[in-house]
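The values are calculated or read from the model by the stated rules, or taken from the named source; none is laboratory data. Everything numeric in this text was worked out from a predicted model, so none of it was measured. Because the Cβ atoms are built from the backbone with ideal geometry, glycine has one as well, and the counts that use them run over all protein chains shown. What goes into the accessible areas is simple: the full protein's heavy atoms, side chains included, and nothing from ligands, DNA or RNA. Shrake-Rupley method; radii C 1.70, N 1.55, O 1.52, S 1.80 Å.
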Amino acid sequence: MPKLPCLLWVVAALLAGCASLPPNAPIKVRVLAINDFHGHLRPSASGLRIHDPARPGESLRVAAGGAERLATVVTELRQKHPNHIFVAAGDLVGASPLLSSLFHDEPTVDALGLMQLELSAVGNHEFDEGWQELLRLQHGGCHPRDGCKGPAPFTGARFQYLAASTVNTATGKTLLPAYVIKRFEGIPVAFIGLTLEGTPGLVMAESVVGIEFRDEAETVNQLVPELRAQGIEAIVVLIHEGGTPTGNYNECPGISGPIVDIVTTLDKAVDVVVSGHTAHAYNCRIDGRLVTSADKYGTVVTAIDLLLDPQSSDISHAVADNVIVHSDGAKDPRLTHLIEQYDALSAALAKRAVGRIGADLTLARNRAGESALGQVVADAHLAGTRIAGAELAFMNPYGLRASLARPVDGELHYEDLFSVQPFQTNLITLTLSGAQILEILEQQWRGPSPNGSVLQVSDGFSYRWDGRRPLGQRVIIDSMNLHGQIIDLKNDYKVTANAFLAGGGDNFPQFREGRDARTGVMDVDALEQYIKDNPSLVPGPLDRIERLD
């Protein structure tokens, strides 16, 4: 400020009895962020994995998450911050526990509304029931098939979903708004929301018919001139895509994955990126910009503190802190009341006894890619479709959403099984040649996951693979064995997969070439029957898949 006008202002202020100087200090703004909540109204048994401070190189599980505690932490983090906003990076719903899924995730949408969530990117799981259902969650109304099942009419989300890169091909317009402008003491900040471009490979094909998912960075870069024409310099991106860090939950000594390339391609006008999808917690600087993620299931809230420069209207400084939502913290009574209402409506199904297990069946995978739970689920799917002639079954690992812990009395309830397989997907039995089975196995390492997506296989099928070999040649062909017989590449076999996988989901397009498709029971129903037929199940040896390198 020029010296003479400033001096005149000081004199005038003193004459008026005012002791303060012109308000030219930066404006403080707090952005609170979550991602990948997945309808976990109650704390997940998985909690949050962090580095163990007492044992270098080891990790420990912290009990964390749950809507009641999340709401309390969000409220606490808002205190003393008059300029604030609560946002999310997608996958708030979908793959949810029974308490939310039974009501098509209406409880979760209402819960986040009570927490005063304002904006969220659309994640791939928001499309689990189709884009029309996403619009219903946004705008309200009864479910078209199941009607109104909640304690009150569903009026839709109190927050706004954003989908800048998701376009309705019939209209050429975005399915939902591309961005929202929020003003803090007169300074505008743009929040752009994006779904990952690879969404069509992660959902049922019919869920996204008529929808196009565009390149994330290109979408943002095309919006920058439009925003600047409105006098907007401060830009925050909410994106449902992420990376894999090497550090602890609140640091970032190294990160890999799609988010790195996206951020480095973004226009320099973008100041902050709130990410998700990979379900990790990190606090990074990529290409000079703050990039954050808050784990999953509400275990972490990211508190981002911004300084807005009144002169440039841009973000002059940005720092973040990943705050753990400890499960033993205070509960927000509003959320407790909401959960109790839905508990009463779901208890008969949720608490139905379904059988017993003799030990924990976990998702922990060995070096070859097998898990105890994956084996049991694949075996259950095979058993449930033998009537269709199934000879082997494949299960996509990311379709398993929780380990199956043995209760104290060993007795499982339906909600326990549903937490493992929450997608309510039919099993499909296809005819595939041995050569097609080989191609499916090779596709395990062609998707976006840096560690591959090794399918869980049913009892009686085995093979070996070598990670040192090039893509497309990793499976040892003559090691593919079914009940003691080497798989003949020219012979046909009956193979079971869930409908998502059978439709080419999780980047396994070869399944779409299957013939003579026969629709069977629901996946969770097959698991329930298998547990009933095999009381006191315990983990078997993880020896169906062998890794040679």
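A few points about this structure:
- Against the compact-protein benchmark of 2.2 N^0.38 Å, the Cα-based radius of gyration of region 112-168 scales to 1.17.
- Normalised radius of gyration (Cα atoms, divided by 2.2 N^0.38 Å) for region 463-549: 1.33.
- Per residue solvent-accessible surface (Å²) - the chain, probe of 1.4 Å: 42 Å²
- Cα convex hull, the chain: 181 Å³ per residue, rounded to a whole number.
- Hypothetical label at ASP328: residues of region 43-63 whose amide nitrogen lies under 20 Å (7 Å Cα-Cβ projection): 43-55, 59-63
- Kirkwood hydrodynamic radius computed over region 377-476 comes to 15.5 Å, based on all pairs of distinct alpha carbons.
- Here r is the Cβ-Cβ distance between ASP261 and ASP478 and R0 is 60 Å; the resulting FRET efficiency, rounded to 0.05, is 0.95.
- Cβ-based net charge around GLY399, under 13 Å, with every Lys or Arg adding one and every Asp or Glu removing one: -2
- The mean sequence separation of alpha-carbon pairs under 8 Å and at least six residues apart, normalised by the residue count of the chain, gives a relative contact order of 15 percent.
- Lysines with Cα under 22 Å of LYS268, excluding same-chain neighbours fewer than 8 positions away: LYS28, LYS182
- Difference of contour (0.36 nm per residue) and Cα-Cα distance, ASP360 to ARG386: 6.7 nm
- Antiparallel DSSP beta bridges within the chain, as percent of all bridges there, nearest 5: 70 percent
- Estimated at 0.36 nm per residue, the fully extended path between GLU546 and GLN424 surpasses their Cα-Cα distance by 40.8 nm.
- Length added when fully stretched, ARG183-ALA54, from 0.36 nm per residue minus Cα-Cα: 42.0 nm
- Distance histogram for region 294-440 (every C-alpha pair counted, 5 angstrom bins, percent rounded to whole numbers): 2, 7, 10, 13, 15, 14, 10, 8, 7, 6, 5, 3, 1, 0, 0
- Accessible-area value, ASP459, 1.4 Å probe, nucleic acids and ligands omitted, Å²: 90 Å²
- More than 17 Å apart - percent of Cα-Cα pairs taken over region 186-248: 54 percent
- Each peptide in 239-252, 127-140, 75-88, 29-42 receives the mean, over its residues, of other Cβ atoms within 10 Å, and ordering these scores from highest gives 29-42, 239-252, 127-140, 75-88.
- Mean ellipticity per residue at 222 nm, deg cm²/dmol - from DSSP H runs of n ≥ 4 across the chain, formula -39500 (n - 2.57): -7000 deg cm²/dmol
- Annotation for THR519 and GLU76: the two label points, set 7 Å from Cα along the Cα-Cβ direction, are 4.9 nm apart.
- Equivalent-ellipsoid semi-axes of region 168-298, from the Cα gyration tensor, Å, largest first: 23, 22, 12
- The calculated FRET efficiency for the pair ALA229 and GLN311, based on their C-beta separation and a Förster distance of 30 Å, comes to about 0.95.
- A simple rule links phi to the HN-Hα coupling: the Karplus curve 6.51 cos²θ - 1.76 cosθ + 1.60 with θ = phi - 60°, which for region 294-304 gives 10, 6, 7, 6, x, 6, 9, 10, 8, 9, 9 Hz, with x for Gly and Pro.
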